[in-house]
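Okay, so here's the structure we're looking at.
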Amino acid sequence: MFNIENIVHHILGRESIPSQDRNPEVDLISSVTPAYDVPPVTRAIALLRHIGAGNRCRNMSRTAAALGINRTTLLRLLHTLEREGLIEGDHEEGGYILSYGLLELTAHMLSSRDVVRLARPLLSRLAAETGFSAHLGVLSGTDVIVLVRETPDVQLISNIREGSRLPAHATVMGRIILANQSHDDVRNIFPSQSLQTVTSMTPATLKALEDQLSQDRIEGLAWSVANFEQGIGSCAAAVFDHSRRPVAAVSLSGRESDFEPSSRNRERIAKGIRDVSQRLSVMLGAPP
């Protein structure tokens, strides 16, 4: 199923090898280094492979020895890769894991990968049946990255595209993923009490966001009526994996008036989003 470690192994052109079976020096740089190799880049890729193989880098000295680099270089590499969104801290088990920032660099390759491959025909049909734009997004730090966008044969005014990076707290896909995480996880993602606003409807504080997430959690859907884009309404539902972890979200977007609480289309929108999110979750191994 959808596995970011598998994706990065494909990106880096190499299958993972258990760390205990590797020769770190050979794994880091081949014995004959081509003249145009850039050693810092090679070390960064080696570190990504190391983390992708399941090593969390909790012990800096041990990791530095395994990769054949000094501890200071390792710390600088970890800092840079985390800042660039390629790795992130593992708040549950400690250390580091690969981040969804890697997906942003390889959206064209993802079209053949599990969650995107499974979602695209479902979203294409949903867009055609409802007349609204359908999206799939994943959480990456404080943002949502849009991996799939399927549009109906009508004029659209939304600026969201595949590969777009959107603030999670201000968008329905981000909100519904966050709503299905624990309070501690949300606070780890947003350590600051103040949040950047996109419109007057955007939660400006962590407390306001948590209040919004509570409403989203109760309904099982996140709704927006021009909360993010002027004149645009949207609705999103979470997609779960086999462990009931929210791994993505699907959404519909269209004219603001169609998403108003009084709109006759609201029930049809909710049913369409729920059906697709549930079908996709089951395909990813979630219990029906």
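Sequentially through the stretch 48-60, phi angles give Karplus couplings (6.51, -1.76, 1.60; θ = phi - 60°) of 4, 4, 4, 5, x, 7, x, 7, 8, 6, 6, 9, 4 Hz, Gly and Pro residues having no value and appearing as x. Averaging 1/r over each pair of different alpha-carbon atoms in the stretch 39-106 and inverting the result gives 11.9 Å, the Kirkwood hydrodynamic radius. Net charge around residue 175, counting only other residues with Cβ within less than 10 Å of its Cβ (Lys, Arg = +1; Asp, Glu = -1)? Here the charged neighbours net out to 0. Sequentially through the stretch 271-288, phi angles give Karplus couplings (6.51, -1.76, 1.60; θ = phi - 60°) of 5, x, 5, 4, 4, 5, 5, 5, 5, 5, 4, 4, 4, 8, x, 6, x, x Hz, Gly and Pro residues having no value and appearing as x. Heavy-atom accessible surface of residue 118, to the nearest 10 Å², is about 30 Å², with a 1.4 Å probe and all protein chains retained. From most to least packed by mean Cβ count within 10 Å, the peptides 136-142, 279-285, 87-93 give 136-142, 279-285, 87-93. Accessible surface of the stretch 112-284, 1.4 Å probe: 47 percent of it comes from carbon and sulfur atoms. Scanning residues 5 or more positions from residue 99 or on other chains, those with amide H under 5 Å from its amide H are 87, 88, with H placed 1.01 Å from N in the peptide plane.
Semi-axes of the equivalent ellipsoid for the stretch 112-284, computed as √(5λ) from the eigenvalues of its C-alpha gyration tensor and ordered from largest down, come to 23, 19, 14 Å.
The values are calculated or read from the model by the stated rules, or taken from the named source; none is laboratory data. Please read these numbers as outputs of a predicted model, since none were measured by experiment. Backbone-built Cβ (ideal geometry, glycine too); neighbour counts: all protein chains shown. Areas reflect the complete protein model, heavy atoms only, side chains present, ligands, DNA and RNA absent. Shrake-Rupley method; radii C 1.70, N 1.55, O 1.52, S 1.80 Å.
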